[in-house]
1. Using the alpha carbons of the chain, what is the convex hull volume per residue in cubic angstrom, as a whole number?
2. Scanning the chain for trypsin sites (Lys or Arg not before Pro) in DSSP loops with at most 11 other Cβ atoms within 10 Å, what's the longest stretch left with none?
3. For the chain, build the charge dipole from Cβ charges (+1 Lys, Arg; -1 Asp, Glu) around the Cα centre, then report which of Ser28, Asn2, Ala95 sits farthest towards its positive end.
4. Taking the Cα centre of the chain as origin and charging only Cβ (+1 Lys, Arg; -1 Asp, Glu), how large is the dipole, in debye to the nearest 20?
5. Report the accessible area of Phe41, computed with a 1.4 Å probe over the heavy atoms of all protein chains in place, in Å² rounded to the nearest 10.
6. Quick one: net charge around Leu63, please, counting Lys, Arg +1 and Asp, Glu -1 for every other residue with C-beta under 15 Å from its C-beta.
7. Given the range 18-166, what percent of its DSSP beta bridges are antiparallel, to the nearest 5?
8. Mind listing the long-range amide H neighbours of Thr46? Cut-off is under 5 Å, sequence gap 5 or more, other chains count too, H placed in the peptide plane at 1.01 Å from N.
Amino acid sequence: MNGKIAPSVMCVDFMNLPATLDAFQKLSIEYLHVDIMDGCFVPNYTLGPDFCRALKDATPIPLDIHLMITEPERKLDWFPFGQGDYVSIHYEATAHPIRALQAIRRRGGKSMLALNPATPIQVLETALDDMDALLLMTVNPGYAGQALIPRTLDKIRAARKFLDERGASHIEIEVDGNVSFENAVKMRAAGADIFVAGSSSVFKKGASLEHNTALLRQAIL
Ligand code: DX5
Ligand code: ZN
């Protein structure tokens, strides 16, 4: 199967949000990646539950809610998600990542466990039965427009092998951070399935969403 695209909604020009959502639908965009930051787990604030609700009312495209917040298991109820939506929580943000993953599934969502660049993949071992996808950060979470941490490419390859060897080939790998047209080719070759598209691809200045999306699709065949 071809790679899937999840544009990072924090990179949208909010004054043009409805038109951008329409364009995404026409382009058969697979997911909308919504970055939620709490100024504590990461040093920034971005989008919140109300914005997610507005998105759910405005478009049928499934959400991919990326929770960069501490103790997400206490806050899941604040967010609108259901069948077909992904919700990711960070391993580093809670003492109870498995509890949080289970709670996402109980609500009908697809559970995704996110790892910061410095967190080793071995921590996944006991969580495999409770996760539908793995989010590998390829930059430190918090901001758009950062440079790829090159060794995360090897980490994608190692994670794919780790999952396959443990009978978890069904677990998809999403990559987030500096997914440029060039880096996406390497990430795809390393085994990534879902590509968070931000300022270095779909929202790259100087070309249309349509043009940029076509380039990214080409890179992740
Ligand atoms: C944070 C965000 C960013 C960003 C990705 O989790 O998802 O990583 O928008 O896009 P780039 O790195 O291309 O700006
Ligand atoms: Zn993200």
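1. 111
2. 1-150
3. Asn2
4. With only Lys, Arg, Asp and Glu charged at Cβ, the dipole is about 320 debye.
5. Solvent-accessible area, nearest 10 Å²: 40 Å².
6. Working: positive: Lys4, Arg53, Lys56, Arg107, Lys110; negative: Glu30, Asp35, Asp50, Asp57, Asp64, Asp85, Asp132, Glu174, Asp176.
For residues surrounding Leu63, the net value is -4.
7. Restricted to the range 18-166, the bridges split so that about 5 percent are antiparallel.
8. For Thr46, the qualifying residues are Met37.
The values are calculated or read from the model by the stated rules, or taken from the named source; none is laboratory data. Since we're looking at a predicted model, the values are computed, not measured. When we count neighbours, we look across all protein chains shown, and the Cβ atoms used for this are built from the backbone with ideal geometry, even at glycine. Note: accessible area is taken over every heavy atom of the protein model, side chains too, but ligands, DNA and RNA are not part of it. Shrake-Rupley method; radii C 1.70, N 1.55, O 1.52, S 1.80 Å.
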